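Any read-out appearing in this document is the output of simple, stated calculations on the displayed coordinates, not a laboratory observation. Quick caveat: nothing in here was measured; it's all calculated off a predicted structure. Every residue, glycine among them, receives a Cβ derived from its backbone with ideal geometry; neighbour counts consider all protein chains shown.
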Amino acid sequence: MSNEHILDPVDREILFQLRQEGRLSNVELARRVGLTPPPCLRRVKRLEEAGVITGYRAVVDPAQLGRGLEVLVDVEIYATDRATVQEFEETVAGYEEVIEFRRLYGRPDYFLRVAVADHAAYDTFLSDRLTGLLAVLRVESRLTMKHIKTDR
């Protein structure tokens with residue numbers, strides 16, 4: 001399947017069902033999308049081989065892991081040279097608390113989602129890790145009040 005391939009309605013329904021419940025058996029998935037199991041399995045394999053389906057994962061409740069506080073963080077950096085930017089990105093990507101990390105166009109330079117146990121843990125993360133990096137110019141933090149929709 002090339003990038004120009006347009007997914008048909010059955011492919012889209014397969015993707016929808018798997019995004020809702022990635023552990024569906026092929027038999028149940030086939031039933032939900034109106035196929036018999038063999039052609040359904042062929043379609044799933046084709047979507048995997050084409051890179052449309054890139055993997056399967058477990059969705060874990062952060063609170064059950066002691067990381068119930070989620071903070072959205074905007075970061076601006078001083079640096080524009082490749083080496084400093086690369087070092088900053090590698091360092092921040094390696095932090096266990098950072099569950100999402102994006103480089104943005106314009107300002108801010110980066111967006112992070114950080115999951116920690118509580119306010120004290122976030123203060124420690126911010127003080128001891130993030131703002132201690134030489135490249136960091138400014139950090140703006142926002143606490144999540146309520147999850148309305150997540151990509152699960």
| query | Where does segment 9-49 land on Rg/Rh, using Cα atoms and the Kirkwood Rh? | reply | 0.90
| field | Karplus 3J(HN,Hα) series, Hz, for segment 14-24 with 6.51 cos²θ - 1.76 cosθ + 1.60 (x for Gly, Pro) | value | 4, 4, 4, 4, 5, 5, 6, 8, x, 9, 4
| said: Out of the chymotrypsin sites (Phe, Trp or Tyr not before Pro) in segment 1-85, which ones are loop residues according to DSSP with at most 15 other C-beta atoms within 10 Å? | reply: 56, 78
| task | For the chain, with a Gaussian network of springs between Cα atoms less than 10 Å apart, report the residue from 83, 135, 93 with the top mean-square fluctuation. | result | 83
| task | Distance between Cα centroids, segment 49-88 to segment 130-152: provide it in whole Å. | result | 10
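Strictly greater than 24 Å: what percent of every Cα pair in the chain meets that? Walk me through the intermediate numbers first.
Working: 5945 of 11476 pairs.
Beyond 24 Å sits 52 percent of the P(r) for the chain.
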| When the dipole is taken about the Cα centre of the chain, and only Lys, Arg (+1) and Asp, Glu (-1) are charged at their Cβ, what size is it in debye, to the nearest 20? | 760
| query | Relative to the first principal axis of the alpha-carbon coordinates of the chain, what is the inclination of helix 37-49, with its axis defined by its Cα atoms, in degrees from 0 to 90 and to the nearest 10? | reply | 30
